[in-house]
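First comes the structure, then the notes that go with it.
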Amino acid sequence: MTHEERLRAVHAAQLLQDELLGEVFQALDARYVGAWRASRSVEEREQAFYRQRACAEVRAELFKMIQYAAVNEHGTDEVLNAALTAAERSYDQ
């Protein structure tokens, strides 16, 4: 793993732990779920569903970056291990 990949993984962990970004993800998720429930057509429902899934995929991709880096270092990098543990806590919220 390159130094840049390691830095990107740590940055991804910081993003997942960022309180404001977490609030944005929660607000968007609530908005899209509400739009899905209030939809009057299949098209509206599908749009809301796809938007909600896109937000979830952004979070999942950030988490995968951290997981990949930690696995690639075979669990020997303490910074990455701590980043992964912190990201797991914030990801589950």
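The values are calculated or read from the model by the stated rules, or taken from the named source; none is laboratory data. Remember, predicted model here, so these are calculated numbers, not experimental data. Counting neighbours? That spans all protein chains shown, and the Cβs are built from the backbone with ideal geometry, glycine included. Areas reflect the complete protein model, heavy atoms only, side chains present, ligands, DNA and RNA absent. Shrake-Rupley method; radii C 1.70, N 1.55, O 1.52, S 1.80 Å.
Quick notes on this one:
- Normalised contact order of the chain, rounded percent, pairs of Cα under 8 Å and 6 or more residues apart: 42 percent
- Accessible area of the chain belonging to carbon and sulfur atoms, whole % at 1.4 Å probe: 52 percent
- Radius of gyration (Cα atoms) of the chain, expressed as a multiple of 2.2 N^0.38 Å: 1.30.
- Residue-normalised accessible area of the stretch 7-67, given per residue in Å² at a 1.4 Å probe: 71 Å²
- Ordering of 31-44, 1-14 by packing [mean C-beta count within 10 Å, highest first]: 1-14, 31-44
- Computed FRET value (nearest 0.05) for Tyr68 with Ser41, which takes r as the C-beta separation and R₀ as 30 Å: 0.15
- Net lengthening on full extension, Ala86/Glu61 (0.36 nm per residue, minus Cα-Cα): 7.4 nm
- Degrees, to the nearest 10: 42-72 long Cα axis against longest axis of the chain: 0 degrees
- Per-pair calculated FRET efficiency, R0 = 35 Å: Ala54 and Met1 via Cβ, rounded to 0.05: 0.80
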